[in-house]
Amino acid sequence: MPDNIKSKILITDDDVFISEQLNSILEDLGYDVTAIAFNAESAIKALETNPPDLAILDINMHGSNQGFEIAKYINEQLQIPFIFLTSFADANTVKEASKLTPDGYLLKPFNEANIFSTINIVLNRYAINHSYFTIKIGHELHKVKEEELLFISSSDKYIEIHTSTKKYLKRDSIDGFITANKLTDVCRVHRSYAVKLTKIDSVKGAIIHIAEHEIPISNTYKTAFKNAYNAL
């Protein structure tokens with residue numbers, strides 16, 4: 001991950017003092033706190049509104065294990081890493097927590113050193129297994145998960161990068177963008193299109209279907225596309 005792109009972190013804890021302390025430490029360490037949630041409902045809303053790169057989940061909030069509810073939502077809907085935060089280290093809690101496959105644990109009371117080391121290990125491990133690429137538009141850098149890429153289209157001197165969540169317009173060429181970002185499983189199918197092979201829903205004749213999009217295959221790229229697609 002480029003140094004000038006801050007990792008986004010969601011905090012959930014029903015203790016205002018602890019959540020504010022954690023927020024202050026994370027900001028001092030250079031992270032971007034997307035929201036502070038005090039229960040499962042507000043946490044899930046925050047996850048939907050502004051998905052973070054990592055969530056820190058207090059297990060016990062308002063007398064129940066609401067952290068488990070949030071973790072289940074993350075596993076089903078987002079597949080981002082999460083860390084359980086708890087003052088309990090009893091066997092039953094750990095056993096139940098482990099079923100949700102958290103990426104790490106933080107025990108209260110915490111300090112800056114163990115927060116940094118835990119988050120750093122989790123994010124680095126996740127980055128190894130989940131590739132990102134960056135898109136620079138003007139003075140802004142956008143971090144995009146490679147698994148969200150659908151296809152790239154071009155028009156004149158600009159390309160449009162289509163992902164499952166949004167579309168980016170950038171002054172570049174398709175081949176230049178693919179090479180610069182070392183994108184995998186991306187194949188040219190037309191002078192104006194390249195597709196993410198693993199996102200193809202179907203191929204009918206000379207038309208590729210990805211989500212609601214129809215992308216033409218030209219004769220120039222037909223053989224190369226067929227070989228790449230069949231090799232998956």
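Every number in this text was worked out from the coordinates using simple rules, so none of it is lab data. Because the structure is predicted, anything quoted here is derived from the model rather than measured. Counting neighbours? That spans all protein chains shown, and the Cβs are built from the backbone with ideal geometry, glycine included.
Descriptive notes on the structure:
- Principal-axis tilt of helix 16-28 within the chain, Cα atoms, nearest 10 degrees: 50
- Percent breakdown of C-alpha pair distances by 5 Å bin, ordered from the shortest bin, for region 172-226: 4, 20, 32, 25, 15, 4, 0
- Backbone HN-Hα couplings from phi across region 64-73 [Karplus 6.51/-1.76/1.60, Hz, Gly and Pro as x]: 9, 7, 5, x, 5, 4, 5, 4, 4, 4
- Within the shell defined by Cβ-Cβ distances under 15 Å, the residues around PRO216 carry a net charge of +4, with Lys and Arg each +1 and Asp and Glu each -1.
- For the pair region 153-172 / region 42-107, the C-alpha centres are spaced 35 Å from each other.
- Sorting the segments 192-198, 9-15 by their mean number of nearby beta carbons within 10 angstrom, highest to lowest, gives 9-15, 192-198.
- Cα-Cα P(r), region 103-232, percent of pairs per 5 Å interval: 2, 9, 18, 19, 15, 11, 8, 6, 5, 4, 2, 1, 0
- Here the Karplus relation 6.51 cos²θ - 1.76 cosθ + 1.60, evaluated at θ = phi - 60°, turns the backbone of region 199-208 into coupling constants of 9, 6, 7, 6, 10, 10, x, 9, 10, 9 Hz, with x for every Gly and Pro.
- Extension reserve of the GLU212-VAL16 stretch, reckoned as 0.36 nm per residue once the Cα distance is removed: 66.1 nm
- For the chain: relative contact order, % (alpha-carbon pairs under 8 angstrom, 6 or more apart): 10
- Rounded to 5, percent antiparallel among DSSP beta bridges of the chain: 65
- Under 9 Å, Cβ to Cβ, from TYR158 - net charge with Lys/Arg +1 and Asp/Glu -1: 0
- Shown for region 1-118 is the translational diffusion coefficient from the Stokes-Einstein equation, using the Kirkwood radius over Cα pairs, a temperature of 20 °C and a viscosity of 1.002 mPa s: 151 µm²/s.
- Rounded tilt (10° steps) of 112-129 against the dominant C-alpha axis of the chain: 30
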